[in-house]
Amino acid sequence: MTTLQLNNINKFFGTGTSRVHVLNNINFSAQKGEVNLVIGPSGSGKSTFLTIAGGLQTPSTGSVELDGNKLSSLSKKQRDALRLNKIGFILQAYNLIPYLTVTEQFKLVKKIKKENNLDDQELENLMKQLGISELTNKYPNELSGGQSQRVAIARALYTKPDIILADEPTAALDSKRVIEVGKLFQALAKEQNIAVIVVTHDLRLIDYADNVYEIMDGQMRLNNDLKKKVG
Amino acid sequence: MFLSLKEIKKEKLRYSLIVTMIVMICYLIFILTSLAMGLSSQNTDAIDSWNMKSIVLDKDSNTSLSQSLISKKQERKIKLSNKEAIIGQASVIAKKTGLTKESAQFLGINKNQFIAKDLVLTSGHKLNGNHQVIIDEKFKNDGYKLDDKLKFNSSKTNYKIVGFVKNAKLNISPVIYGNISDWQQIKNLNGQFIGSGIVSKNSNYTTNDSQLKTYSKSDFVSKLPGYSAQNSTFIFMIGFLMIISLIVIAVFLYILTIQKLQNYAVLRAQGIPARTLVNATISQSIILVISGLLIGTILTAVTALIIPNSVPMSFNIPILSSVGTGLVLTGIIGALIPIKLILNVDPVSVIGG
Ligand SMILES: Nc1ncnc2c1ncn2[C@@H]1O[C@H](COP(=O)(O)OP(=O)(O)OP(=O)(O)O)[C@@H](O)[C@H]1O
Ligand SMILES: [Mg+2]
């Protein structure tokens with residue numbers, strides 16, 4: 001079942017001679033139960049793609065549909081609610097609020113989204129799985145880059161989203177952790193029927209993807225051959 | 001509340017500095033206001049203590065008690081009830097050997113009229129004979145005691161202190177209440193004049209003499225020498241102080257909010273509603289301003305206790321509380337100015353490339 005669909009997306013930044021065509025006629029769809037990996041070099045438009053997919057910015061042309069609803073037809077409030085309830089964002093930088101401890105990062109979400117989050121036991125298991133259960137009372141500035149990234153992953157999963165949009169979630173992780181995160185994404189997709197979309201230049205994740213896309217100069221294409229090469 | 005309190009808890013130094021600044025500003029405003037009001041009220045304390053509504057003065061005296069005289073001849077056209085009292089004013093230098101000289105306002109009163117009857121003494125007794133005076137407590141602070149003898153100007157006559165009154169100030173000088181007959185002697189008037197003016201508790205009181213005119217209390221007070229000029233200086237001084245302080249506080253809270261925008265962008269990306277963020281911002285400003293205000297008030301109260309008696313301070317609760325309310329309101333405004341920024345904060349801006 002298609003959860004997220006991008007139709008003929010174009011994105012331009014700037015005007016006149018400084019106008020750049022960052023996304024060039026992109027068509028993309030993600031199914032529940034699958035891990036999608038979008039691989040591309042720096043500046044290729046990965047973050048732009050992901051933020052458009054999650055409704056954080058609007059495409060210059062084209063449409064984004066989530067569960068059959070056009071994002072452009074939703075109000076700002078409805079888009080907020082959608083992000084809170086259905087999407088788990090893992091951003092490339094600044095995922096955590098500096099003045100909240102790890103536990104409080106979850107508490108804050110619970111104050112807004114009161115129901116249908118992970119229960120305490122589930123959260124504890126997740127934190128254990130990610131190797132961060134010892135960090136509950138630490139502030140973000142007391143965490144290493146990799147630890148904050150894993151807390152950010154846990155935070156995104158806390159709301160039991162239908163879709164996970166992750167921007168370089170493994171950039172600061174060593175190979176052992178990358179494997180764990182890859183397995184976690186795979187398990188989430190298979191066991192909880194979530195659509196996982198990861199943009200990255202980290203080829204180490206390819207083993208855990210169902211579909212691998214390449215993005216280059218704003219154009220995207222499915223390239224599952226990459227899997228075989230690396231695998 | 002959750003966000004605002006957690007942030008204060010984490011950033012203790014930053015927030016205690018901001019609260020300190022607000023405390024200092026409140027303290028400054030409160031102290032200066034109280035000092036100004038204290039000085040200002042020394043012009044009128046005595047007048048206020050009489051509960052008068054109007055005063056009759058010579059119409060050519062420019063509403064000045066010291067320039068007005070009521071003669072024996074005019075007395076026939078004057079009818080006094082128990083709501084009127086004659087006063088005779090004279091500026092004097094009071095002295096007693098060994099003690100500092102005091103510039104004072106001698107007010108001659110009639111012991112059967114309401115001013116003398118209503119006087120509230122802090123010690124001693126009321127006037128019951130000639131050459132007796134009741135004086136302001138300022139004299140006490142300077143070493144004068146009950147039963148001491150005073151001399152006025154160059155006169156040889158001794159006046160005995162029989163009582164003290166609190167807050168008896170007229171035109172910033174301490175008041176000496178004495179007998180109206182003594183006033184005639186001090187002024188060397190040879191019994192031709194009965195007083196300087198007639199004070200009444202009745203706002204419609206008039207006499208039948210065309211040379212005498214009734215003035216309202218506010219007219220009279222505003223013509224006290226220097227009073228209006230002094231008050232407008234105070235009003236401008238405190239007004240500017242308030243406006244500038246409020247702007248400073250608003251700017252600080254504005255900067256504080258601006259610094260939160262990055263975190264807010266993250267929260268917006270996660271789908272946290274803008275309203276939650278606006279509430280957090282406003283509640284935090286209110287917490288900061290109110291704690292600053294409370295500490296400032298406590299400091300002011302402590303200062304009032306330890307400040308020497310010779311420095312007049314007056315705490316006008318309505319004025320001080322409106323200052324406080326003003327501070328809270330500007331705090332909220334300062335936090336709200338960037339609200340558009342909060343509402344439009346672009347999550348993409350923090351996602352990074
Ligand atoms: N707001 C913007 N205004 C102008 N140009 C932008 C803006 N956002 C992105 N771009 C440009 O779009 C291109 C793609 O940016 P994007 O952030 O999507 O790259 P990326 O693939 O995520 O790179 P990285 O791997 O470094 O994170 C870049 O050339 C960038 O300069
Ligand atoms: Mg990027």
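The values are calculated or read from the model by the stated rules, or taken from the named source; none is laboratory data. This one's a predicted model, so the numbers in the text were calculated from it and none came from an experiment. FYI the Cβ positions are ideal-geometry reconstructions off the backbone, even for glycines, and counts take in every protein chain you see. Only protein heavy atoms, including side chains, enter the accessible area calculation; ligands, DNA and RNA are left aside. Shrake-Rupley method; radii C 1.70, N 1.55, O 1.52, S 1.80 Å.
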Subject >> Shielding by other protein chains, A:53-61, mean Cβ within 10 Å >> reply: 2
**OP:** Could you sort the residues of the stretch B:253-276 by number and keep only those whose accessible area is reduced by 50 Å² or more in the all-protein-chain setting relative to the chain alone, 1.4 Å probe?
**Re:** B:Asn263, B:Val266, B:Arg268, B:Ala269, B:Gln270, B:Gly271, B:Ile272
Subject >> Within 10 Å of each Cβ in A:76-85, the average number of Cβ atoms from other chains >> reply: 3
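So, for the stretch B:75-224, what is the accessible surface per residue at a probe of 1.4 Å, expressed in square angstrom?
That works out to 48 Å² per residue.
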Original post:
What do you get for Rg/Rh over the protein assembly as shown if you use C-alpha atoms and the Kirkwood form of Rh?
Top reply: 1.32
Original post:
With the dipole of chain B worked out from charges on the C-beta (+1 for Lys and Arg, -1 for Asp and Glu) around the Cα centre, which of B:Phe236, B:Trp183, B:Ser64 lies farthest toward the positive end?
Top reply: B:Trp183
Subject >> B:Leu69 - accessible surface, heavy atoms, 1.4 Å probe, Å² rounded to 10 >> reply: 50 Å²
Subject >> Point-charge dipole on Cβ atoms (K/R +1, D/E -1) for chain A, about Cα centre, debye to 20 >> reply: 460 debye
Original post:
Cross-link partners among aspartates and glutamates for B:Lys10, C-alpha distance below 19 Å, same-chain residues fewer than 8 apart left out?
Top reply: A:Glu104, A:Glu142
Subject >> Structure-based [θ]222 nm, the protein assembly as shown - -39500 (n - 2.57) summed over DSSP H runs of at least 4, per residue, nearest 500 >> reply: -14000 deg cm²/dmol
Subject >> Pairwise label distance in nanometres, B:Thr233 with A:Asn141, each label 7 Å out on the Cα-Cβ vector >> reply: 4.9 nm
Subject >> Portion, in percent, of the accessible area of the stretch B:145-277 that falls on carbon or sulfur, probe 1.4 Å >> reply: 57 percent
**OP:** Compute for chains A and B the buried accessible surface, both sides summed, probe 1.4 Å, and express it in Å² to the nearest 100.
**Re:** 2600 Å²
Original post:
Based on Cβ point charges of +1 for Lys and Arg and -1 for Asp and Glu, what charge dipole magnitude is obtained for the protein assembly as shown about its Cα centre, in debye rounded to the nearest 20?
Top reply: 2020 debye
Subject >> Under-5 Å amide H pairs with B:Asp148, H placed in peptide plane, nonlocal only >> reply: B:Ile161
**OP:** Using a 10 Å cut-off on Cβ to Cβ distances, tally the other chain neighbours for every residue of B:7-16 and report the average as a whole number.
**Re:** 2
Original post:
If the chain between B:Ser218 and B:Lys117 were fully stretched, how many nm would it gain, using 0.36 nm times the residue separation less the Cα-Cα distance?
Top reply: 34.0 nm
Original post:
Which of the peptides A:73-84, B:197-208, A:198-209 is most tightly packed, and how do the rest follow, going by the mean number of other Cβ atoms within 10 Å of each residue?
Top reply: A:198-209, B:197-208, A:73-84
**OP:** Please work out the C-alpha center-to-center distance from the stretch B:239-296 to the stretch B:111-180 and express it in whole Å.
**Re:** 56 Å
**OP:** Give the accessible surface of chain A per residue, rounded to a whole number of Å², with probe radius 1.4 Å and ligands, DNA and RNA excluded.
**Re:** 45 Å²
**OP:** Among the lysines, select those whose C-alpha is under 29 Å from the C-alpha of B:Lys12, and discard any that sit fewer than 8 residues away in the same chain.
**Re:** A:Lys107, A:Lys110, A:Lys111, A:Lys113, A:Lys138, B:Lys260, B:Lys340
Subject >> Simple Cβ-charge dipole of the stretch B:110-259, Lys/Arg +1 and Asp/Glu -1, about Cα centre, in debye nearest 20 >> reply: 360 debye
Subject >> Charge-dipole axis of the stretch B:69-195 as Lys and Arg at +1 and Asp and Glu at -1 on Cβ define it, positive-most pick from B:Gln192, B:Phe106, B:Asn128 >> reply: B:Gln192
**OP:** Name the residues whose placed amide hydrogens come within less than 5 Å of the amide hydrogen of B:Ile176, ignoring near sequence neighbours (fewer than 5 apart) on the same chain.
**Re:** B:Gln105, B:Phe106, B:Leu107
Original post:
Which of the peptides A:94-101, A:216-223 is most tightly packed, and how do the rest follow, judged by the mean count of other Cβ atoms within 10 Å per residue?
Top reply: A:94-101, A:216-223
